[in-house]
Structures are given as structure tokens and as C-alpha cells.
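Worksheet: the structure to be examined is printed underneath.
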Amino acid sequence: MQTKSEISQLFRILYVVGLVLLVSAFFLLVPSLWRTPTAFLDLAVLGIVFTVNFPLFFAWSTKSDGFNAKIPALGLLVFCDLFYSCFALGFGLFAIHFLLPFRVQFVYQMGLLFVATATVGMSWFSSAHTVEVTEEEQVTRSGLESLKAAISACEAEISIRLPIAGQVRQRLLKLQEDARYLSPSRENTALSYETQMAALIDEIRLQVGDTATSASSSTLDGQLEQCATLMALRKQVR
């Protein structure tokens, strides 16, 4: 099976070969008398259209499964590419048919290329911003999700190992209820409180999981009291 780097190298080779064929066809098929500045401008436009279209095959063939934050930008890129290719090549044929001056064609092609490039730049900037926001959201929620998972695992362990420890289980359920209504926060202090609580609750779960009598009531009370204190501090962070 070909790796991504091998496919990328293959596409680069094919791109160079295609560009060489395009230039060779121009010099072999177009008579020297027809090789005017307008003809070279059309050749340049063909090269640009080939250049902006060819990488899209690689982009689609190597995209990952599932949702990717860059997919919306890629869709806009395809639309912009289609728009540019149609208008660039269409105007080239129109100019040849009506013998438009070189200056008119040059200004039009450069203006169209500028608009297309600016649109692509804005789309990729928007995509990069979306990726950054997504990563920040994942970091923000990671601590809270870890805390909720730790509480659920510990509550299940206690309900199996210590069914008579009703007070301990009730305090744990209270922490679970408080964690359910916590809002995600980007503050470092919030992540610190959540991490400390998750570590304490994991420690409680491990102690309970060893034997039913390994953790004394005073030890569990002390650890749960620390969790309650940390939860109160976490509630104050927005």
C-alpha cells in the first residue's frame, strides 16, 4: 500500500510532466508567427489553471475520514478554482475570437487572478482560525470531561464495593451533580481545580477497588472534603 509521502511524490512528478507537455505542445504546435505576447499570455493562463487545478486531486485523495475543520475551506477553494478556471479560459477564447488588445487581456487576467488569490487566502485564514478555536474548545472541555468520567467511575466502584457506605456515596453524587452544571472555562485555574479533583477521585476509586476495608472512613472523608473545597473554588471561576 502506498504511503502518503509516496502519493505526494507521484503527484509532484505528474504535475511537472504535465507542465512540460503543455509547454512543449505550445512550441511544437503553434507556428512561430503566432507566438505573440498574447499567445504567451494565454500559455501562462493555461499554466496557472493547470497549476491550481492539479493539486485538488491530491487534496481530495488524501483527506481524512469524518469531519475535518478544513473541509469547508476546501469546498470554497474548489468553488473559487472553478470560477477562476471558467472565467480565465472563457475570456481567453473570447479575446482570441474578437482580437482584443494584449493590454486589455493582461489587465483582465491579472485582476481575475488577484481576486481568486485573495479569496483563497481568506478561506484558508478562516480555516486556520476554525482549527485554532476547535483546539481551544477541546482543551477547555478536556479537564471537565475527565472530572465527570472520574466521578462516574468512582461512584460505580463504591456502589459495588461499599454498598453500606451511603454517606460517602451521597457526597460523591453531590460532586457529580455539581460537575454536571459546571460551565467550561478557559482559565488555567479552572483546569487546575478539575485536574486535582479528578486525581483525588481516582485515588478514592483505587483505594476502594483494592479491598472493601482498605480505605478508612476518615481517609475517605478527608479526600471527599478536599474535593468539596476544590469544587467550591471551581464554581467561582467563569
Pairs please, first residue from region 9-22 and closer than 14 Å to residue 47 by Cβ, second anywhere and surrounded by 13 or more Cβ atoms within 10 Å (Cβ to Cβ) and among the aromatic types (Phe, Trp, Tyr), Cβ atoms under 7 Å, 6+ apart in sequence or on different chains. 15/54; 18/50; 18/54; 19/50; 22/50
Please work out if residue 229 is assigned to a helix (DSSP H, G or I) and at pLDDT below 80. no
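Residues checked against (1) more than 17 Å from residue 232 (Cβ to Cβ); (2) at pLDDT 85 or above:
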position: 151; (1), (2): no, no
position: 157; (1), (2): yes, no
position: 163; (1), (2): yes, no
position: 173; (1), (2): no, no
position: 185; (1), (2): no, no
position: 194; (1), (2): no, yes
position: 201; (1), (2): no, yes
Identify all residues within region 79-99 that are over 13 Å from residue 52 (Cα atoms), touching a residue at least 40 places away in the same chain (Cβ under 8 Å) and surrounded by 17 or more Cβ atoms within 10 Å (Cβ to Cβ); write none if there are none. 92, 95
Boolean, residue 117 is more than 30 Å from residue 197 (Cα to Cα), at pLDDT 70 or above and in a helix (DSSP H, G or I): yes
Checking the structure you have, find out if any residue of region 44-65 is closer than 17 Å to residue 118 by Cα, at pLDDT below 90 and among the hydrophobic types (A, V, I, L, M, F, W, C). yes
Among the residues of region 139-146, are any modelled with pLDDT under 80, surrounded by fewer than 17 Cβ atoms within 10 Å (Cβ to Cβ) and of a type in the set (D, E, K, R)? yes
Of the numbered conditions (1) modelled with pLDDT of 90 or more; (2) of a type in the set (Phe, Trp, Tyr); (3) farther than 26 Å from residue 110 by Cα, residue 27 satisfies every one except a single condition; which is it? (3)
Check on residue 238, among the basic types (Lys, Arg), modelled with pLDDT under 80, out of contact with any Leu (no Cβ under 9 Å at 6 or more places or on another chain) and not in a loop (DSSP other than H, G, I, E, B): no
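The values are calculated or read from the model by the stated rules, or taken from the named source; none is laboratory data. Here the structure is a predicted model, which means the values were calculated and not measured. FYI the Cβ positions are ideal-geometry reconstructions off the backbone, even for glycines, and counts take in every protein chain you see.
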